[in-house]
Every structure is written in C-alpha cells, then in structure tokens.
Amino acid sequence: MVNETTVTEFILLGLSSQPAVQFSLFGLFLVIYFVTLIGNIFILLVISLDKRLHNPMYFFLFNLSVVDIGYTTSTVPKMLLNYLSQEKTISLAGCFTQMYFFISFGGIECLLLGVMAYDRYAAICHPLHYNVLMRPKVCASLAATAWILGLSNSGVHSGLMSHLSFCRDNVIQHFFCDIPPLFQLSCSDTQVNQIVTFVVGGSVIMGPFLVILVSYVYIVVAILMIRTKEGRLKAFSTCASHLTVVNIYYGTIIFTYIRPNSSYSQEQDRILPVFYGILTPMLNPIIYSLRNKDVQKVFKKVMQGK
C-alpha cells in the first residue's frame, strides 16, 4: 500500500536545470525584480505626494502598484534563492502559502483592471456624472471588493489543494507552486478541484474581462461621437495605458487557467507565468509613466526639487 503522506516537500526546478543558464537567469530576474520594486514604489510615492493625482484613476493605480509588488515578491525571491542553492526545495506548507499569495494577487489584479475599465467608462461616457459615479466611498468599496474577492478566491483553491494527497513524484518543473503542476503531482482525485478552478477561478478572470470588453465597447462608441480629432485623441489617450496592460496580462493568464488540466505541460507552459506574474508587474509602472503626462509632470517636479 502506498503511503500517501510521504511527500513533505517539493523540488522547484525553475526555468532551467543547466548551471550556466541558471546564472544568467539569476542576473536577469534580479534586475527585473529591482526594476519592479523601484517602478511601483515610484508610482506609490508620486501619487501620495501630489494632490492633483488624488482622484479615482490614480487611487486604483495606487492599489495596482501595491498588488504588483506583492505579486512578484510571492515568487521571485524564492526563485532567485533556488538559483544560488543546491537544494531547491520548498516545504508543503511553504508551497501552499506561496500559491495562496500568488493566486491572491493575480485575482486582485484581474478585478482591479476590471474596475479601472469601469472608471474609464464613467469618465468618458458620463463625464457630467463622473464625480457622483466615482465618489470616494464608491472607489473605496470597489477596491475593497477586489481585495476581498481576490483573497477569498485564493483561499478556496488553497483550502481544496491542502486536502489533496501527494505521494508520487515531488519534482515540480516550474519556478513556483501553481495549481496546474500540483494537480498533476497529486495522487488524489482532482476532479472537484479542477471544476472549482474552472468555475470560481474562471469567474475571477473572465468576469472582469467581460466588464473590460463591455466598457470599451461603450468607450469606443463615445469616442467616435466626439467631433474633433483632438478630442478623440485626448479621450483615447486616457485609456491607452490600461488597454496595453490588459492585453499583456490577459493574453497569457487566460491560456494558463481557462483550459483542461490534461492539456497542461509543466515543461512547455512554465514560461507563461513569467509574462503575467513577473513582466507585467514590471511593465505596469513603466507603461503608466511613459504614457501619462500627469505622472511625467510630477516626476519632473520632484527631480527639479520643486
């Protein structure tokens, strides 16, 4: 009879098992991690220091930066440590904890992107009622809802995962503990978990995505009704940064979680989380800074010491 309690730790192989490649990856992801931290802390400071940025759009961007810091911190430090260590192990409890925070921040990011799309819809389609639709109490409620739903969604997945038995291979061909590879390593029936992942997790991903699609349909119609070219460009420029982030983020996260577990390959699909879990948090502050004149003005003001 197989002992179903034999696995007490997992081995995270990372993105490569070749020492020379691991050294290069360590340098690359160390730079990415520091750029992510510096960029998002910069956004937090700029929004906090300038009262002109104390409005709904930047309030949600502030929350997004907090999430992005947590998102990368849930995986990258452990990955960097593994590249420097001969033992690339993580305890069962540590694995579930890492998965909980990664899924939490990922879910919150999805929900915040949906809320930010609604904010742009309210600003462009209902400018006269914008201050009422997005008053401080409403903004705080929307942000709190995103955090609560994101944390609760992850709690459901982590709770169900903790009831599975792991008695086979303990080698994860990935750089962190994620749902699909853990399903493949479990010696329990994962059908219920897979259904919950598809339904509950899928709702957290696809719900905001549908809100984004509907919001931008109305936004595009409203922009096309603006008579002047300058007016259309100005209206679209307020959405360009958000659209760029949505395309990068959703393009990979949907492919990872909204599909059957049988089609998942640890070796082939382990690169996808790099895009939505590491590169997107790094690119967010860069995109919002480069394409945002308000942030650029505050940055110049700070650099000039005014």
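The values are calculated or read from the model by the stated rules, or taken from the named source; none is laboratory data. This is a predicted model, so every value here is computed, not measured. Cβ placement follows ideal geometry from the backbone for every residue including glycine, while neighbour counts extend to all protein chains displayed. Note: accessible area is taken over every heavy atom of the protein model, side chains too, but ligands, DNA and RNA are not part of it. Shrake-Rupley method; radii C 1.70, N 1.55, O 1.52, S 1.80 Å.
Data for the structure
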quantity	calculated
At 0.692 mPa s and 37 °C, Stokes diffusion of segment 25-86 via Kirkwood alpha-carbon radius, µm² per second	257
Amide H partners (placed H, <5 Å) of Cys167, local residues excluded	Cys187
Projected label distance in nm at His54 and His129, using a 7 Å step from Cα toward the beta-carbon	2.7
Residues whose placed amide H lies under 5 Å from that of His174, excluding near-sequence neighbours	Leu13, Gly14
Kirkwood estimate for segment 90-245, i.e. one over the average of 1/r between Cα atoms, Å	17.8
Accessible area of segment 149-209 belonging to carbon and sulfur atoms, whole % at 1.4 Å probe	63
When each of Lys78/Lys234; Lys51/Lys78; Lys137/Lys229; Lys229/Lys297; Lys137/Lys297; Lys229/Lys301 is checked by Cα-Cα distance, pairs over 32 Å	Lys78/Lys234; Lys51/Lys78; Lys137/Lys229
Whole-number accessible area per residue in Å² for the chain, which is evaluated in the context of all protein chains at 1.4 Å	50
Calculated over segment 155-225: convex hull of Cα atoms, volume per residue (Å³)	108
Farthest positive-ward along the chain dipole, Cα basis, beta-carbon charges - from Tyr118, Ile253, Leu210	Tyr118
Surface accessible to a 1.4 Å probe, Thr145 within the full protein complex, Å²	70
Spherically averaged projected area in nm², based on the convex hull that wraps the Cα atoms of the chain	17.9
Relative packing of 273-283, 45-55, which averages over residues the other C-beta atoms within 10 Å, highest first	273-283, 45-55
Assigned charges on the beta-carbon of Lys, Arg, Asp, Glu; the chain dipole about Cα centre (debye)	1740
Rounded percent of accessible protein surface that carbon and sulfur make up, segment 25-126, 1.4 Å probe	74
